[in-house]
Structures are given as C-alpha cells and as structure tokens.
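Asks: Here you go, one structure.
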Amino acid sequence: MRTHDDEMPKVKLPSLQDVMDADPAGSRVPDPVHGALPPPVRRIVLDQPPTVATPAAPQTRAAGAGAAPTPGHGGVRHAGEPGPERMRLDALSVFYDDKAAVKSVDLSIRQGEVLALIGPSGCGKTTLLRTLNRLTELTASARREGRIALDDTDIDELEVTTLRRRVAMVFQQPNPFPMSIFDNVAYALREQSMKRPGKAVIAPHVHDALQRAGLWDEVKDDLDRPALRLSGGQQQRLCIARAIATRPEVLLMDEPCSALDPKSTEVIESLILELRKDLAIVIVTHNLQQAYRVGDHVAFMYLGDLVEYGAAEQVFGAPRAQRTRDYVGGAFG
Amino acid sequence: MFDRFRAPWSDRRAERVLGALASLVLVIIALMVIFVAIKAWPTLRHNSVVGWFGFGDEVDVQIANQVNGTSGTGGDAFKLNAGPLIYATILTTALAVVIGLAFALFSAIFIVEFAPPRLRRIIVPVVRLLAAVPSVIYGLIGILVLAPFVNDHVISDSRKRSVEYVVQLSGTSLLVATVILTVMITPIMIAIVTDALYSVPKGWKEGAVALGVNRWRAMWTVSIRAARPAIIAAAVLATARALGEGIMLSMVSGGRGFSPNPLDGITVLFEPLRPLAATIVENVESLNAPAVRSSVYAFALLLLFSSLMLSLGGYLAKQPMKKYGIRV
Ligand SMILES: Nc1ncnc2c1ncn2[C@@H]1O[C@H](COP(=O)(O)OP(=O)(O)OP(=O)(O)O)[C@@H](O)[C@H]1O
Ligand SMILES: [Mg+2]
C-alpha cells in the first residue's frame with residue numbers, strides 16, 4: 001500500500017497549534033496504541049458467506065492500490081482492541097416535521113475503529129450521520145430528541161463550529177470547491193485560524209493531508225490545478241484530505257464510494273483502514289461487502305430503528321435478529 | 001410527402017446560420033457607432049476632444065446659445081464644454097451602483113440564507129415586481145413626494161442661503177437623483193444575485209459548513225465566490241440602465257448643468273445636476289439647430305461607447321473565473 005507510515009516520506013510540520021491560534025479542541029485524547037496483534041483476518045469472497053480466514057492469507061483484506069500488502073499493516077483489523085469511546089448516542093430520535101426518521105437509537109463510537117452503518121434505503125442512515133455534527137440543523141423541518149455526547153460533553157453545549165471542526169464529514173457526492181487543489185485543502189486551515197496564515201505555513205499541512213488521503217503522488221506536480229478537473233475518485237480523496245487537514249477526531253462518511261468505480265473504491269477503502277489509526281470513523285454504505293471489509297463494528301438500521309449492533313463478524317456471520325439475517329443474507333447468501 | 005426522409009439540418013449548417021446572425025448584429029452595432037460618430041464629429045472637432053470633455057462657461061448657457069443659433073460671446077454657436085454633464089453622469093451612476101450593489105449583495109444573502117421561508121415567499125416576488133416597475137413611475141414619486149419632502153424638511157433655509165449666489169436649492173438634487181436611481185436599479189441586481197446564489201450547488205455550501213465554518217463565512221467564501229460572474233453581470237446591467245436613464249433623471253435631478261461641489265460639504269447632496277441622458281431628453285425639441293443636433297449625437301456616442309466598454313469589461317473580468325470551474 002502506498003500510504004504506509006514507514007514508506008511515507010515524512011513531512012516536517014510546524015505544530016498545528018502554530019497554525020491555528022484558536023484551536024477549538026484544546027486537549028485531544030492521545031491515540032491509543034495500535035499494536036499489530038496477530039489478527040483474525042477475514043477473507044471475503046463476494047458470493048460466499050464471510051468466513052474467518054487464517055492469518056496466512058491477510059492480503060485478501062487489504063485493498064491495496066497496486067503493491068501486495070504486507071501483513072501487520074493497514075490491511076489488518078484491530079479486532080478485540082476497542083479504543084476509548086468518543087461519541088455516545090442516548091435515545092437519539094430525529095423527526096422531519098412529525099415523521100420519525102431515527103427512532104431512539106443508542107450507539108457508541110470508539111476511537112481507532114470504523115463503525116459501518118447499513119440498512120435499506122430511507123432507513124435513516126444519512127439522517128443519523130448528519131445529526132452527529134448537527135448538520136440536520138440546516139434542515140428547517142428537522143427536530144432532534146435524545147442526547148449525543150462527544151467526549152462526555154453534550155454536543156449542544158459545544159459551539160456548533162467547534163463541533164464540526166472536531167467531527168468532520170465526507171459526503172456522498174464529491175464536493176470539492178471551485179478552487180485549486182491547494183486552496184481546497186487549505187480552506188479549513190485558513191478559515192479556522194485567527195490571523196490569515198501564509199502559504200508557507202499552510203503548505204506542509206496541505207502536503208500532509210494530501211499524503212494521508214493518498215492523493216499526494218497524483219497531484220504533487222500541480223497543486224494549482226482546478227480541483228474540479230480531477231477524476232471522481234481523486235475528487236473524493238481530495239474531500240477526505242480537506243476534511244482531515246485540520247485533524248478532526250471523528251470522521252463521518254456518507255456512502256463515500258457510491259459515485260466511484262471499483263478501483264477508486266479500493267483506494268478509499270484502504271485509506272479508511274489507514275486513517276482509522278488516528279480517528280473514529282463512521283461510514284454509511286449500501287455495499288455490504290464494503291461494510292464487512294472496513295467495518296470493525298456494524299450497525300444495522302431498519303425504518304429508523306437500530307436493529308442490530310455488533311462486531312462485523314457477528315453481524316455478518318451470526319446475526320441475532322431475523323431482519324438482519326434477511327438483509328445480510330441477501331448479500332452473502 | 002417524403003418529409004421524414006429529408007436530411008436533417010446538419011450542425012454545421014445551423015452553426016453557419018447562427019454565426020451569420022451574430023455577425024449581422026455586430027455589423028449593425030458597428031454601423032450605428034460609426035453613424036453616431038460621424039454626426040457627433042462637428043462638435044467634437046470644433047471644441048477639440050479635450051475641450052469638449054472639459055469644463056468651461058456654464059454649460060446651460062452654451063446649450064441655450066446653440067438652440068438660438070447665436071452666441072453671447074462672439075458667434076461661437078458650437079461652443080460646448082460638456083464636463084458638468086459627464087461629471088453628473090459619473091457621479092449619479094457610480095453612487096447608485098455602488099450603494100445598490102452593496103445593498104443587493106446583503107439582501108440576496110439574507111433572502112437565500114437567513115430569511116424565514118414564509119418571508120422569503122413574499123420578498124422574492126415583490127423584488128421581481130419592483131424590478132419591472134417602469135422608471136418613469138419612480139421619477140414621478142421622486143418629483144411628487146421625495147423632492148418636496150427634501151425641500152421642505154431636509155434642506156434648512158440657512159443652507160439654501162449659504163449657496164444662493166451660486167445655485168438655488170429646490171429639492172430635486174443629487175440626493176434625490178441618487179436615491180431614486182438606486183431604488184430603480186437595485187431590485188434587478190437583487191434578483192440576479194439571488195438566482196445565482198440559489199444555483200450554487202448545495203454540496204459546496206454544505207461542504208463548507210461541515211468544515212466548521214459559520215453560515216455567514218460559508219456564504220462569503222464559497223457561495224459569493226461562485227456567484228461572482230452573476231454579480232458582475234448584475235453590476236454591468238445596472239450600470240447600463242443607470243447610464244441610459246433619461247426621463248426619470250430629468251425629472252428628479254434638478255435639470256441644471258451644474259457641477260455639485262464636494263467642497264460644499266453636506267450641501268453637495270442638495271445641489272442640482274443633469275446627466276447626459278437627461279440632457280438628451282430635455283433637448284429633443286431643439287434638434288433643428290445643427291449645433292444642438294451635433295451635441296446630442298456626441299452625448300449619445302459617449303453613452304454608447306461607455307456601455308460597449310462596460311460589456312467588454314464585464315466579459316474580461318469574468319474570464320479568469322472560468323479556470324476553476326465556475327460557470328460564467
Ligand atoms: N429533508 C428532509 N425532509 C423530510 N424528510 C426527510 C428529509 N431527509 C430525509 N427524510 C426522510 O427521512 C427518512 C430517512 O432518510 P435518510 O436520508 O436518512 O435515509 P438513508 O438511510 O440515508 O437512505 P439512503 O440509503 O437512500 O441514502 C426517509 O424516509 C426520508 O424520506
Ligand atoms: Mg443516505
């Protein structure tokens with residue numbers, strides 16, 4: 001994989017604090033140590049039920065972009081190693097006018113793992129996701145009940161801009177701004193700093209974000225190119241770079257690959273597995289294989305209810321609820 | 001009978017027809033400019049171009065002499081220094097466009113981003129209605145309501161006395177002209193900018209807001225940026241309307257070829273003036289006099305040239321924006 005830590009040319013960064021005088025998230029929880037446990041690697045063959053494979057065949061998990069992945073790196077699941085809880089949903093309900101789109105959901109989102117949200121169309125996945133950084137507030141008819149906490153602080157008590165800086169979002173349709181590649185990634189860095197930082201201060205951070213998003217090698221020659229001239233997959237990775245440039249703590253992704261070809265999807269999936277080390281990630285997907293490939297935990301929603309929540313192996317391998325079985329069975333059976 | 005077997009128009013042929021039509025329009029415009037320029041030439045030559053654009057004796061006296069075909073100062077019936085009229089045109093247009101554009105930007109942002117939906121449903125059609133009101137009606141309101149009000153309640157007697165040996169203040173003034181002109185050109189700008197802001201892809205706005213930028217900044221850094229071509233187009237259109245507004249300005253501007261003097265302080269606002277287009281309107285009765293005719297053609301030439309330059313300037317200003325994928 002291109003983006004392995006040890007292969008990545010390291011960029012010398014001035015501390016982010018230098019760039020952002022007003023860093024909203026003063027103290028951040030340190031990353032948990034992610035040792036490379038000998039993992040139970042699952043292999044997935046698209047038209048077979050998932051099985052737990054032997055550690056001898058790890059490369060099936062890592063969707064490497066070219067080179068064969070090495071065991072013990074991004075291609076490996078951190079199963080059995082739950083990080084600290086970052087976000088907690090208590091009896092969360094969301095209504096559009098009087099129609100409930102999300103019904104009393106309890107859920108926890110942990111550092112260092114990927115939570116995959118699955119469920120049929122219209123079951124409230126996007127609504128749930130957008131509630132996590134209060135984007136639903138842009139919809140006049142939306143109303144929320146229940147509590148969402150970020151590090152034990154109710155998100156309603158946080159400044160909404162602060163919340164959205166800590167809980168970033170990547171949308172279904174790539175939405176790069178009509179600016180250069182550089183300006184896209186620099187956008188949040190610039191907007192979030194008090195005094196307008198110069199290009200020299202920002203450049204290393206832009207470099208770093210593009211590198212982590214796995215886009216650097218493709219665009220490094222011309223960062224002034226219009227972002228809208230990139231391919232769809234590149235645009236989506238640019239949006240990821242833009243979202244992670246300011247080092248958020250939680251990354252929300254709403255069907256990030258639905259507009260992309262299999263190759264770009266593969267690249268983004270391996271990127272997710274890589275980013276998981278530093279972030280809590282919630283991903284909505286219609287692609288059950290994808291949920292299985294990237295998800296540590298999976299939440300299955302149906303008509304606004306959270307029907308089942310558990311480790312990916314459990315939800316796909318031995319679903320408890322009949323509804324889950326019906327839904328998941330269709331994909332793997 | 002065999003119509004459906006007829007070969008469809010090829011794109012090439014359509015292209016050629018459209019190209020010919022477009023060229024025809026260009027030719028007509030060019031002929032018009034040349035015609036007006038030829039007609040304007042006598043007065044421009046007589047006064048020299050620099051002199052014509054400059055300031056001299058009272059311009060109204062000069063025009064009166066042209067109408068009578070005589071001259072008070074020695075048979076110079078073509079004498080004209082149009083400076084005050086040009087100055088009045090620039091002053092009213094610039095003030096109205098700058099004030100109107102600022103107002104239009106903020107109103108459009110308010111309408112699109114912050115207005116409660118119910119209010120929005122009322123404002124938008126009202127703005128469109130205002131944009132369609134004939135300018136002469138604004139002029140009527142100006143001369144029947146605003147000018148008397150300014151005369152009676154805003155300009156103090158001592159202020160009138162302070163300049164009585166230079167000019168008489170009677171309500172119709174730079175202030176009233178600018179206000180009415182601004183009111184006339186702002187609705188169309190609001191409508192254009194509002195439409196442009198609505199057509200900014202929602203994903204861009206949401207993307208910015210999701211990065212922890214407040215709605216106001218998101219509007220400013222993303223939506224307004226993306227809407228710049230429309231903002232330029234709105235400003236160009238509004239400027240052209242303001243430049244060409246004759247009747248309304250002749251009603252409310254005071255109708256005097258006077259140059260309001262900024263050194264008079266606040267009083268400058270209450271001094272009368274008369275822009276080019278209004279001057280044309282006020283002299284239609286005297287077009288038999290050759291000197292007047294040539295002068296009026298020269299005014300027209302200047303206005304024509306300005307609006308051509310305006311369109312060209314707007315076009316050029318929009319070009320760099322294409323680069324990053326903004327629709328222009
Ligand atoms: N802005 C809105 N106004 C009213 N109802 C809405 C709005 N957005 C979503 N809904 C309703 O809320 C429910 C959940 O929608 P949501 O978009 O969260 O579903 P989803 O699980 O993301 O679906 P999909 O998989 O198709 O994206 C749907 O019934 C939808 O009709
Ligand atoms: Mg959705």
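The values are calculated or read from the model by the stated rules, or taken from the named source; none is laboratory data. Keep in mind that what you see is a predicted model, and the values were worked out from it rather than measured. Here the Cβ is made from the backbone with ideal geometry for all residues, glycine too, and neighbour counts use every protein chain on show. What goes into the accessible areas is simple: the full protein's heavy atoms, side chains included, and nothing from ligands, DNA or RNA. Shrake-Rupley method; radii C 1.70, N 1.55, O 1.52, S 1.80 Å.
Asks: Looking at the range B:36-57, which of its residues are in a helix (DSSP H, G or I) and under 23 Å from the mean Cα position of the chain (by Cα)?
Replies: Across the range B:36-57, the qualifying residues are B:Val36, B:Ala37, B:Ala40, B:Trp52, B:Phe53.
Asks: Return the total of residues in the range A:111-129 being open to solvent by 30 Å² or more (accessible area, probe 1.4 Å) and under 22 Å from A:Thr161 (Cα atoms).
Replies: 1
Asks: Follow-up. When you check B:Val200 against the structure, is it surrounded by fewer than 22 Cβ atoms within 10 Å (Cβ to Cβ), touching a residue at least 24 places away in the same chain (Cβ under 8 Å) and in a loop (DSSP other than H, G, I, E, B), yes or no?
Replies: Considered against the rule, which asks whether it is surrounded by fewer than 22 Cβ atoms within 10 Å (Cβ to Cβ), touching a residue at least 24 places away in the same chain (Cβ under 8 Å) and in a loop (DSSP other than H, G, I, E, B), B:Val200 comes out as yes.
Asks: Kindly indicate the residue of the range B:209-230 that is part of a helix (DSSP H, G or I) and surrounded by 21 or more Cβ atoms within 10 Å (Cβ to Cβ) and also nearest to the chain's Cα centre (by Cα) among those meeting that condition.
Replies: In this case the residue turns out to be B:Ala230.
Asks: What number of residues within the range B:235-254 are among the small types (Gly, Ala, Ser) and touching a Pro at 6+ places or on another chain (Cβ under 7 Å)?
Replies: Looking only at that region, the number is 2.
Asks: Restricted to the range A:95-110, and to residues that are near ligand 1 (Cβ under 9 Å from one of its atoms) and in contact (Cβ under 8 Å) with a residue 60 or more places away in the chain, which residue is surrounded by the most Cβ atoms within 10 Å (Cβ to Cβ)?
Replies: A:Val102
Residue-by-condition table, conditions (1) modelled with pLDDT under 90; (2) within 23 Å of the chain's Cα centre (by Cα); (3) more than 14 Å from chain B (Cβ to nearest Cβ):
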{"position": "A:Val94", "(1), (2), (3)": "no, yes, yes"}
{"position": "A:Asp98", "(1), (2), (3)": "yes, no, yes"}
{"position": "A:Val105", "(1), (2), (3)": "no, yes, yes"}
{"position": "A:Gln111", "(1), (2), (3)": "yes, yes, yes"}
{"position": "A:Gly119", "(1), (2), (3)": "no, yes, yes"}
{"position": "A:Cys123", "(1), (2), (3)": "no, yes, yes"}
{"position": "A:Leu132", "(1), (2), (3)": "no, yes, no"}
{"position": "A:Thr136", "(1), (2), (3)": "no, yes, no"}
{"position": "A:Gly146", "(1), (2), (3)": "no, no, yes"}
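Asks: Filter the range A:200-224 down to the residues that are hydrophobic (A, V, I, L, M, F, W, C) and open to solvent by 10 Å² or more (accessible area, probe 1.4 Å), then identify the one that is nearest to the other protein chains (Cβ to nearest Cβ).
Replies: Looking at residues that are hydrophobic (A, V, I, L, M, F, W, C) and open to solvent by 10 Å² or more (accessible area, probe 1.4 Å), I get A:Leu223.
Asks: Residues to consider are B:Val183, B:Val166, B:Val136; find the one that is open to solvent by 20 Å² or more (accessible area, probe 1.4 Å), of a type in the set (A, V, I, L, M) and in a loop (DSSP other than H, G, I, E, B).
Replies: B:Val166
Asks: Out of A:Leu128, A:Leu92, A:Leu115, report the one residue that is of a type in the set (A, V, I, L, M, F, W, C), touching a residue at least 60 places away in the same chain (Cβ under 8 Å) and in a strand (DSSP E or B).
Replies: A:Leu115
Asks: A further question follows. Six or more apart or on different chains, Cβ under 6 Å: which pairs go from a residue in the range A:234-255 that's within 11 Å of chain B (Cβ to nearest Cβ) and surrounded by fewer than 24 Cβ atoms within 10 Å (Cβ to Cβ) to one that's assigned to a helix (DSSP H, G or I) and of a type in the set (Ser, Thr, Tyr)? Could you list them?
Replies: Pairs found: A:Asp254/A:Thr126.
Asks: Among the residues in the range A:279-297, are any within 19 Å of A:Leu238 (Cα to Cα), away from ligand 1 (no atom under 16 Å from the Cβ) and in contact with a Pro (Cβ under 8 Å, 6 or more places away or on another chain)?
Replies: Scanning the range A:279-297 turns up at least one residue that is within 19 Å of A:Leu238 (Cα to Cα), away from ligand 1 (no atom under 16 Å from the Cβ) and in contact with a Pro (Cβ under 8 Å, 6 or more places away or on another chain).
Asks: Another question, then. Which condition breaks for A:Gly304 when tested against (1) more than 30 Å from A:Leu189 (Cβ to Cβ); (2) touching an Asp or Glu at 6+ places or on another chain (Cβ under 9 Å); (3) not aromatic (Phe, Trp, Tyr)?
Replies: That leaves (2) as the condition not met.
Asks: Please determine, by comparing only the residues of the range A:272-315 that are assigned to a loop (DSSP other than H, G, I, E, B) and more than 16 Å from ligand 2 (Cβ to nearest atom), which one is surrounded by the fewest Cβ atoms within 10 Å (Cβ to Cβ).
Replies: A:Lys277
Asks: Given the conditions (1) within 14 Å of chain B (Cβ to nearest Cβ); (2) under 16 Å from the mean Cα position of the chain (by Cα), which single one is not true for A:Ala227?
Replies: That leaves (2) as the condition not met.
Asks: Which residue is most open to solvent (accessible area, probe 1.4 Å), if the candidates are limited to the range A:144-162 and must be β-branched (Val, Ile, Thr) and free of Cβ contacts under 8 Å to residues at least 24 places away in the same chain? Please lay out each step first, then the result.
Replies: We begin by selecting, within the range A:144-162, every residue β-branched (Val, Ile, Thr); these are A:148, A:153, A:155, A:160-162.
Still in the running and free of Cβ contacts under 8 Å to residues at least 24 places away in the same chain: A:153, A:155.
On the way: A:Thr153: 49, A:Ile155: 0 Å².
Among residues in the range A:144-162 that are β-branched (Val, Ile, Thr) and free of Cβ contacts under 8 Å to residues at least 24 places away in the same chain, the one most open to solvent (accessible area, probe 1.4 Å) is A:Thr153.
Asks: So how many residues does the range A:204-220 have that are out of contact with any helix residue (DSSP H, G or I) (no Cβ under 8 Å at 6 or more places or on another chain) and over 17 Å from A:Gln236 (Cα atoms)?
Replies: Residues meeting the conditions: 1.
Asks: Filter the range A:163-175 down to the residues that are out of contact with any Asp or Glu (no Cβ under 8 Å at 6 or more places or on another chain) and either of a type in the set (A, V, I, L, M, F, W, C) or more than 7 Å from chain B (Cβ to nearest Cβ) (or both) and list them by number.
Replies: Residues of the range A:163-175 that are out of contact with any Asp or Glu (no Cβ under 8 Å at 6 or more places or on another chain), as a first pass: A:163-165, A:168, A:173-174.
Matches in the range A:163-175: A:Leu163, A:Ala168, A:Pro174.
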